[in-house]
Every structure is written in C-alpha cells, then in structure tokens.
Amino acid sequence: MMRIDIISAVPDLLISPLNTSIIKRAQDKRKVEIFVHNLRDYAYDKHKQIDDKPFGGGPGMLLKPEPFFECIEKLLSERAYDYIIFPTPGGKYYNQQMANKFSLAKNIMILAGHYKGIDDRVREKFATDEISIGNYVLTGGELAALVIIDSVVRLIPGVLNDSESALNDSLMDGEIIEAPYYTRPAEYKGMKVPDVLLSGHDKKIKEWKEEQSKILTDKWKKINNLEK
C-alpha cells in the first residue's frame, strides 16, 4: 500500500478533496494511506509561530525552517521515502510520465509552501523532486499537492474500475491526445454524434479515432508551442 504524507501550514485546505471521489475510494480500498501534518504542531514556541519576515527585506512572510525540519526528520526516522516533492514555480513541469513514475513509489512526502514560500534550506536539505504544475503562481502548495496526488492515486492498480481505466487516457503514451467521446442521446439540440460511431463498424471506428486523435494532438501541440 502506498503512503503519502503532506506537510502544510493550512491543512484544512486539503481535508475535503482528500475525502471525496476517487481519492476517498482508494483509501477505503486500502490502496493508499494519506496523512496530513499540520506545520503548527511542530512549532514549539508559545505562539506556535511558523512564519517570519524574509532576510534582505521584501513583501510577504516566509515559512520558517524549524517546523519543517522537525516534521520531516520525524517522518524520515520512521520510514524511507522514495520521493520528497516540493511544488514550486521554479520546478520541472509536471506531466503524465512523472505521475506514472510516482505511482510506483511506496512512500511519498509532499512539502506544501504557503505565504511567500518556504525558507530555502528546507528545499536544499530534503527535496528530491521540485515540481511545477504550470507557469503561474498559487497562494500555496496545497492545490499543487492535490493535483499531484489525484494524478498519482488514480494510477494505482485496483483504484479505478475497468470503465474508468487510466490506460487509454490522453498523454499516457507520450504526447498523444485522445479522440473525442460521445454518449446518448445520439442527437441533442441539433448536434449529432458522428455517424461512424453509430455504424458498428469496428475498423472504421478505429480509423476515425486515430484520425481525430492526430488532429487534436497536432492542435494541442500548436497552441502550446510544442511543435518541432
């Protein structure tokens, strides 16, 4: 069973998403254990202070190193971690291949920053993987942690049933986008499902899906400046 530990200054942001839908199902099936650690539980001064002003000036508050070190070192004393992930705008862009890699791990730790960020000594000492989920800035790393967890947990064997299988998802086989899908009714508000999908002709359906996949993949590459 996989174990995921998340260290956060605002753990309430994580509780509902981690106890809903596929992630909840995965925990109920005992495919994954997810533990959220409140950074304030590792701040030992009387005010439970976890942030302070950055050296060198500038706006915002920075998460202090001591609570992170305390929590991380405690967890590391109990087990080895395959990956200690630090979501950050300066990290490597996250993709499906990275999700596939993480899904094979036994133990993962995610360090969620907040406010202006985390004292860089935490990253320097512990982070094995620095991940960016996009070229934009969030209030904290909690949402990025949820994106990573959702993309990883659904890949664990037995989490999804056959109808939800992740094996044929877009980007699973590299830079390939799936063909569009349709369901009943065959016509809705004048918009019709492509005739080929109603034909029952497996070979023609397969050819149509391959053609549409290529069209959508080419479009995706163009709008994301991925064309070579």
Point to revise | Computed lengthening from Leu198 to Asp120, 0.36 nm per intervening residue step minus Cα-Cα distance | key: 22.4 nm
Review point. How about Lys125: which lysines have a C-alpha closer than 24 Å to its C-alpha, ignoring those fewer than 8 places off in the same chain?
Key: Lys48, Lys53, Lys64, Lys74, Lys92, Lys101, Lys106, Lys116
Study note, to complete from the structure: Residues whose modelled amide H sits under 5 Å from the amide H of Gly117, counting only those 5 or more places away in sequence or on another chain, are Leu63
Exercise for review: Would you please classify the overall shape of the stretch 175-223 from the alpha carbon gyration tensor, given that a ≥ b ≥ c denote the square roots of the eigenvalues, rounded means a/c under 1.5, and beyond that prolate means a/b larger than b/c while oblate covers the rest?
Suggested key: oblate
Practice item. Would you list which aspartates and glutamates come within 14 Å of Lys24, measuring only between C-alpha atoms, while excluding same-chain residues fewer than 8 positions from it? Key: Glu33, Asp150
Review point. Using the alpha-carbon atoms, what tilt in degrees (0 to 90, nearest 10) does helix 202-223 show relative to the longest principal axis of the chain?
Key: 40
**Study point:** Helix-only mean residue ellipticity at 222 nm for the chain, each DSSP H run of n ≥ 4 adding -39500 (n - 2.57), per residue, nearest 500
**Key:** -10500 deg cm²/dmol
Check your understanding: So what is the relative contact order for the stretch 2-153, in percent, with contacts set as C-alpha pairs under 8 Å and at least six apart?
Key -> 30
Check your understanding: Tilt of helix 142-153 relative to the longest C-alpha principal axis of the chain, in degrees (0 to 90, nearest 10)?
Key -> 50
Revision key, fill the gap. Once normalised by the length of the stretch 80-228, the mean sequence separation of its alpha carbon contacts under 8 Å that are 6 or more apart gives a contact order in percent of 22
Check your understanding: Non-local amide H neighbours of Ile110 (under 5 Å, H modeled in plane, Pro and chain starts lacking H): which ones?
Key -> Asp5, Ile6, Ile7, Ile85
**Study point:** Distance from the stretch 113-162 to the stretch 1-62 (C-alpha centre basis), Å
**Key:** 11
Point to revise | Separation of the Glu178 and Lys48 label points, Cα + 7 Å toward Cβ, nm | key: 4.3
Practice item. Can you tell me the 0 to 90 degree angle between the C-alpha axis of helix 65-78 and the longest principal axis of the chain, rounded to 10? Key: 70
**Study point:** Dipole in debye (nearest 20) - the chain, about Cα centre, beta carbon charges: Lys, Arg +1; Asp, Glu -1
**Key:** 300
Point to revise | Of all DSSP beta bridges in the chain, antiparallel share, percent nearest 5 | key: 20
Study note, to complete from the structure: So for the stretch 48-130, using the alpha carbon gyration tensor with a ≥ b ≥ c as root eigenvalues (a/c under 1.5 gives rounded; past that, a/b versus b/c decides prolate or oblate), I'd call it oblate
Review point. Rg (Å, one decimal) plus Dmax (Å, integer) for the alpha carbons of the chain?
Key: 21.6, 72
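No lab work stands behind these numbers, since they all come straight from the coordinates. In this text, all values refer to a predicted model and were calculated from it rather than measured experimentally. Using ideal geometry, Cβ is built from the backbone for each residue, glycine included, and neighbour counts are taken over all protein chains shown.
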